[in-house]
Amino acid sequence: MRSVPAEAHIDQIVSENHLAGSGGINQLTVVGAGVMGVCIGALGVSRGLRVTLIDNDPGKIGMAAGRVAQEIRLAKLMGAVDRDAVPGELVTASSLAAGLPADAVIEAVVEIADEKARVLKEVSAAVGPDTLLVTNTSSIPVDELAAGLPHPESILGIHFMNPAYLIPAVEVVPGARTSEETKARALSLLAVLGRKGVIVGDGPGFVTSRISHRMINDAIKVVEEGRASVEDVDLLMQNCLGHATGPLRTADLIGLDNLADSLRILFERTSDDNFQPARLLLQKVAMGHHGRKSGRGFYTY
Ligand SMILES: NC(=O)c1ccc[n+]([C@@H]2O[C@H](COP(=O)([O-])OP(=O)(O)OC[C@H]3O[C@@H](n4cnc5c(N)ncnc54)[C@H](O)[C@@H]3O)[C@@H](O)[C@H]2O)c1
């Protein structure tokens, strides 16, 4: 376990005053230090929380503190974080024990149902019924993940998107077994993090992935068919339809491996052929072109 500066030039003291009114959420543990774990961790630290970021990949853990600091710097540059905000503390570790006890645990590991189920089971057993357990899944129904847990009433989905500190709204997804207390705790967490929660029904892809992943997959198929270039698809979607970045730039930001995993999950749970991952997407994933995080996807970074 390593305690490291979230931002080298700022003292990391979680001030009691700063946390007044934090709804009992002071220690946030995030499992998975990939694209989302890092930006959720950055959001938590920038909001004064003590964040423990955990990953089972030593390479990811080695880079996590620097990446969180970089995200906080970016958030400040973009005006998403107050320059004078008192930051919390970041701890990075490779085992869950380092992040316990916690007021809330956010699971942000790979979008593979068996792996998520295994991690969530371990966390649920370790934290007991009184800790808020959040999954950041993009597409797996929350009640499916709750099914194998010792405390299924304590889990709900909060669909943070990338970058979590910049996107003001999140989907909040209670499962069929989620308790009222868990929903209240989730709203406290969102208040501390300054995010607006929109409560939606459970089911594959909830609202946003169900709509956007199908559209991104179609955008990839348009390129695959040779109907338009990557740049022109994005240009048309931005300038004609008001898409903020274009679907293919969004795909690169999400991570093409994660997008393919999510599409597979959506296809398996809906039997809707539109969710069958495009061949071009699978080819890029196989070549290790995973988007921004690998330096190359539909664009080069
Ligand atoms: N990328 C996005 O834009 C985005 C947006 C919203 C939601 N999500 C969801 O967030 C979750 C994480 O996505 P991501 O893009 O950060 O993926 P990622 O591949 O970048 O990171 C996943 C991380 O989980 C780690 N991991 C895997 N198994 C683990 C375990 N047992 N214990 C600890 N760490 C483990 C991996 O080492 C990796 O660092 C997924 O469920 C994804 O669908 C992603």
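The numbers here are math on the coordinates, done by the rules we state, and not lab data. Given the structure is predicted, the values throughout are model-derived calculations rather than measurements. Every residue, glycine among them, receives a Cβ derived from its backbone with ideal geometry; neighbour counts consider all protein chains shown.
Within a 10 angstrom radius of the beta carbon, how do M287, M237 rank from fewest other beta carbons to most? Mind showing how you got there, number by number?
Values: M287 11, M237 21.
Ordered by Cβ neighbours within 10 Å, fewest first: M287, M237.
Mean separation of Cα pairs under 8 Å and 6+ residues apart, divided by the residue count of the range 148-301: what relative contact order is that in percent?
Working: 195 pairs, mean separation 26.8, N = 154.
Rounded, it is 17 percent for the range 148-301.
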Quiz item: Where Lys and Arg each count +1 and Asp and Glu each count -1, what net charge lies around G288 among other residues with Cβ under 13 Å from its Cβ?
Solution: +2
Exercise. Run through all the Cα pairs of the chain and give the fraction in each 10 Å bin from 0, expressed as whole percent.
Key: 7, 28, 35, 23, 7, 0
Self-check item: Zone of E231's modelled label, taken as backbone nitrogen in the range 247-291 under 20 Å from a point 7 Å along Cα→Cβ
Solution: 247-253, 291
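Give the range of the longest stretch in the chain that excludes all GluC sites (Glu not before Pro) found in loop regions by DSSP and having at most 12 other beta-carbon atoms within 10 Å. Before the final figure, lay out the partial values.
Numbers: sites that count: E16, E225.
The segment 17-224 is the longest one with no such site.
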Quiz prompt | Residue with peak Gaussian network fluctuation, the chain [Cα springs, cutoff 10 Å], from F160, F275, F267 | solution = F267
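Using Cα pairs closer than 8 Å and at least 6 residues apart in sequence, work out the relative contact order for the chain, in percent. Kindly include the intermediate steps, with their values, before the conclusion.
Details: 594 pairs, mean separation 45.3, N = 301.
In percent, rounded to a whole number, it is 15.
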Quiz item: When the chain is modelled as a GNM with alpha-carbon springs shorter than 10 Å, which of I112, I265, I140 fluctuates the most?
Solution: I112
Quiz item: Using a Gaussian network model of the chain with C-alpha springs under 10 Å, which one of G255, G79, G291 is most mobile by mean-square fluctuation?
Solution: G79
Practice problem: Out of all DSSP beta bridges with both ends in the range 131-247, state the antiparallel percent to the nearest 5. | Solution: 35 percent
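Write down the percent of antiparallel bridges among all DSSP beta bridges whose residues are both part of the chain, to the nearest 5.
So the antiparallel bridges in the chain amount to around 25 percent.
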